[in-house]
Amino acid sequence: MDYEVVIGLEVHAELATRSKIYCSCTTEFGGEPNTHCCPICTGMPGVLPVLNKKVVEYAVKAGLATNCNIASFSKQDRKNYFYPDLPKAFQTSQYDLPLCFGGAIEIDVNGVKKSIGLTRIHIEEDAGKLIHDAWADGTLVDYNRCGVPLIEIVSEPDLRSADEVKAYFEKLKSILEYIEVSDCKMQEGSLRADVNLSVRKRGQREFGTRTEMKNLNSIKAIVRAVEAETKRQIEELEYGGTIIQETRRWDDNKGESYAMRSKEEAHDYRYFPEPDLLPIVVGEEWLSQIKAEIPELPDQRKSRYVEKFELPEYDAAVLTSSKIIADYFEAAAAVNSNVKAISNWIMGDLMRAINEKEIEFSNIPVAPEDLAGLIGLIDKGTITGKAAKKVFDIMFETGKKPMDVVKEEGLEAVNDEAAILLAVKEAISNNPKSVEDYKAGKKQAIGFLVGQIMKATKGKAQPQTVNELLVKELEK
Amino acid sequence: MEITIETIEHVASLARLSLKEDEKIRLTSDLKNIISYVEKLNELDTSNIKPMEHVIPMKNVLREDIVNASYDRNEILKNAHESGEGGFKVPKVVE
């Protein structure tokens, strides 16, 4: 039986404000337990929360960057439930009047473009952290994260595959990074996703029963969880079972999910308007101020790279997928106009070195100006392309300037015709078989001879000069 | 709205209250009375009245994004029923 999977995503992003949403405690990650706390964020009776202006601005920014409508009138509500990570026994969130609604972002999966709808973006507060291994007979609660501002971005059930989910999530992350409202560090929990997923027989109009999966802390985990849950639901239905509407927790180590709670015991949140916080009214003037702060977004930057730098669409997409990479590229392009070479180096050797060394792009030891400088040395013929790879690896290890590495390692290209000619003659006299083959019409034999010459000159001879001189000698 | 003993049990469980049987019976009748009293308001036609989103006619009471010192941890933990290792100690939570 042919099934179609239907997926919607709820993405939580911690906002990059300095202080918490309702008090002036720091939002800094980590810290000794309960040292970033005050009576407001630990839910003491009688305190009065006051909304952080930046939270509204960042959320509106995120809404504008994802083509949402911005509510001119918005309010906050209490979502009630008991759990030790929530000292007030309610989370301040938004229920029926979210700050942003009705947006869309475009994704591209293998060249197929698709618009994914955004239902809403609302503001809320993060909860504390439970530490289970502190004691055998109890759980330790750390409220440092309690009250850190979040936006929840809810998509429409428009996603149809793990690939689309990945593309959507990456696009969203990229937009949030570009507008600098969240640091999006998944390993620190700044960006988290819940996946709502159901399957239905292809052609069926109604949605199937959905499950919600929580605890997805990496893009890899999201993709794996989507694939596993799709398979689980289809198998369940194929064997005559039914899907139970429930919340499931993904265990990335085991590669499977398990039921946390079913609908019957699901929370009845009893939302009601938060009486301690006043409505948010984003008027024309404030809105246009925020609009003016929206920088160039990934798609616009991609088009600019294609038009201004005449880069292939593929290069432009890879370079602009992350703001840090795009900024790096532009810093290099500012000092060297050979943009295609810069693009090739970033997508090739630089990405490879980053993956091998498992470092963040923001911590690259090679400055963009130095990468541009290295490419300049190749273009000027100071070093060969082959030697450049070696220079790059040393630069990546040591952070040294390209010319310093070239000098220290003695990697300047040999352009001295006499020296190269010597190597050419030596190669010819040492390899009579290849010379014979060449003369007998096997032109490809020249490749072997070139290799010998490059070896003899330690890769420093200009390949073009080598070729010219070699052909000349052979034709004699 | 119909108020049954099940309604009382559901609301009590959401509020983490444990009630005795006679309390449930008494509360069922109390809540019935309260709800039917308030339901009188439904007789009014409010279709043309804008909902009151907040009781105080004010908006945009906001603070600037400035960090100030947090409380001393010992002060914060004074409110804990039990504490240790710099944290609040609560009964084991199993996810």
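Annotation: amide H-H contacts under 5 Å for A:Cys100 (H modelled 1.01 Å from N, sequence separation of 5 or more, or interchain): A:Ala71, A:Ile121.
Quote the FRET efficiency, to the nearest 0.05, computed for A:Glu32 versus B:His81 with a Förster distance R0 of 25 Å and r equal to the Cβ-Cβ distance.
Working: r = 21 Å, r/R0 = 0.83.
In this case the efficiency is close to 0.75.
What the Cα convex hull of region A:1-65 gives, in volume per residue, is 172 Å³. Taking amide H as placed 1.01 Å from N in the peptide plane, the amide H of A:Glu156 sits under 5 Å from that of A:Gly117, A:Leu118, A:Thr119, each at least 5 places away or on another chain.
Determine the dipole magnitude for chain B: charges of +1 sit on the beta-carbon of Lys and Arg, -1 on that of Asp and Glu, nothing else is charged, the reference point is the Cα centre, and the result goes in debye to the nearest 20. Don't jump to the answer; show the numbers that get you there.
Numbers: 13 positive and 18 negative charges, 46 e Å.
In total the dipole reaches around 220 debye.
Electrostatic bookkeeping for A:Val435 treats Lys and Arg as +1 and Asp and Glu as -1; over the other residues with beta carbon under 14 Å from its beta carbon, the sum is +2.
Accessible area buried by the pairing of A and B, both sides summed with a 1.4 Å probe, works out to roughly 4000 Å².
Could you do me a favour and compute the accessible area per residue for chain A, 1.4 Å probe, result in Å²?
Working: 22250 Å² over 476 residues.
On a per-residue basis, 47 Å².
Would you please name the GluC sites (Glu not before Pro) within region A:1-91 that are DSSP coil residues with at most 15 other C-beta atoms within 10 Å of their C-beta? Provide the component values of the computation, followed by the final result.
Numbers: sites: A:Glu4, A:Glu10, A:Glu14, A:Glu28, A:Glu57; in loops: A:Glu28.
Passing sites in region A:1-91 are A:Glu28.
Note that region A:65-78 has calculated 3J(HN,Hα) couplings of 6, 10, 6, 7, 7, 9, 5, 6, 10, 9, 9, 10, 9, 9 Hz, one per residue in order, obtained from phi through the Karplus relation 6.51 cos²θ - 1.76 cosθ + 1.60 (θ = phi - 60°); glycine and proline are x. Using alpha carbons only, the radius of gyration of region A:359-476 set against its Kirkwood radius gives Rg/Rh = 1.11.
Pulled fully out, how much extra length does the chain show between A:Ser115 and A:Asn253, if you take 0.36 nm times their separation in residues and subtract their Cα-Cα distance?
Fully extending the segment from A:Ser115 to A:Asn253 adds 46.4 nm.
Residues whose amide H comes within less than 5 Å of that of A:Ala134, counting only those at least five positions distant or on another chain, are A:Leu140 (H built at 1.01 Å from N in the peptide plane). Annotation for A:Ala292 and B:Asn74: the two label points, set 7 Å from Cα along the Cα-Cβ direction, are 5.0 nm apart.
When you filter the GluC sites (Glu not before Pro) in region A:326-428 for DSSP loop state and at most 11 other Cβ atoms inside 10 Å of their Cβ, you are left with A:Glu358, A:Glu360. A simple count of charges around A:Ala388, restricted to other residues whose Cβ falls under 13 Å of its Cβ and scoring Lys, Arg +1 and Asp, Glu -1, yields -1. Dipole orientation for chain A: of the candidates A:Ser72, A:Ser303, A:Gln464, A:Gln464 has the Cα lying most toward the positive pole (charges on Cβ; Lys, Arg +1; Asp, Glu -1). Computed from backbone phi, the HN-Hα couplings of region A:113-130 come to 8, 8, 9, 10, x, 10, 5, 6, 10, 10, 9, 7, 9, 7, 9, x, 10, 9 Hz, rounded to whole numbers (Karplus: 6.51 cos²θ - 1.76 cosθ + 1.60, θ = phi - 60°; Gly and Pro given as x). Over all Cα atoms in region A:3-289, the spread is summed up by Rg and Dmax: 19.3, 59 Å. Report, in listed order, any pair from A:Lys220/A:Lys308; A:Lys166/A:Lys214; A:Lys173/A:Lys214; A:Lys54/A:Lys291 with a Cα-Cα distance greater than 25 Å. The answer is A:Lys220/A:Lys308. The antiparallel fraction among DSSP beta bridges confined to the protein assembly as shown stands at about 90%. Solvent-free Debye calculation, one equal scatterer per alpha-carbon of region A:201-359: log10 I(q)/I(0) at 0.17, 0.19 Å⁻¹ equals -0.99, -1.07.
Between the C-alpha center of region A:180-257 and that of region A:126-140 there is a gap of 26 Å. Assuming charge only on the beta carbon of Lys and Arg (+1) and of Asp and Glu (-1), the dipole of chain A about its Cα centre is about 1020 debye to the nearest 20. Could you name the lysines in cross-link range of A:Lys401, using Cα to Cα under 25 Å and dropping any fewer than eight places away on the same chain? Partners within reach: A:Lys323, A:Lys340, A:Lys357, A:Lys380, A:Lys386, A:Lys389, A:Lys390, A:Lys458, A:Lys460. Binning the alpha carbon pair distances of the protein assembly as shown at 20 angstrom intervals from zero yields the distribution 16, 39, 28, 12, 4, 1, expressed in whole percent. A dipole drawn for region A:319-404 from +1 and -1 charges on Cβ atoms has a positive end, and of A:Phe361, A:Ile383, A:Thr320 the residue lying farthest that way is A:Ile383. Across region A:397-403, computed HN-Hα scalar couplings (Karplus, 6.51 cos²θ - 1.76 cosθ + 1.60, θ = phi - 60°) run 6, 10, x, 6, 6, x, 5 Hz from first to last residue, x flagging Gly and Pro. For A:Met351 and A:Glu307, the difference between the fully extended length at 0.36 nm per residue and the C-alpha to C-alpha distance is 13.4 nm. In this label model, A:Ser72 and A:Tyr271 are separated by 2.2 nm, measuring between points 7 Å along each Cα→Cβ vector.
When the Cα positions of A:Val50, A:Ile428, A:Ile453 are compared along the charge dipole of chain A, A:Ile428 comes out farthest toward the positive end, with charges on each C-beta of Lys, Arg, Asp and Glu. Grab the other residues whose beta carbon is less than 14 angstrom from that of A:Lys340, score K and R as +1, D and E as -1, and report the net. Charge balance near A:Lys340 sits at -3.
The values are calculated or read from the model by the stated rules, or taken from the named source; none is laboratory data. Being a predicted model, the structure only gives us computed values, none of them experimental. Every residue, glycine among them, receives a Cβ derived from its backbone with ideal geometry; neighbour counts consider all protein chains shown. All accessible areas refer to the heavy atoms of the entire protein, side chains included, with ligands and DNA or RNA removed. Shrake-Rupley method; radii C 1.70, N 1.55, O 1.52, S 1.80 Å.
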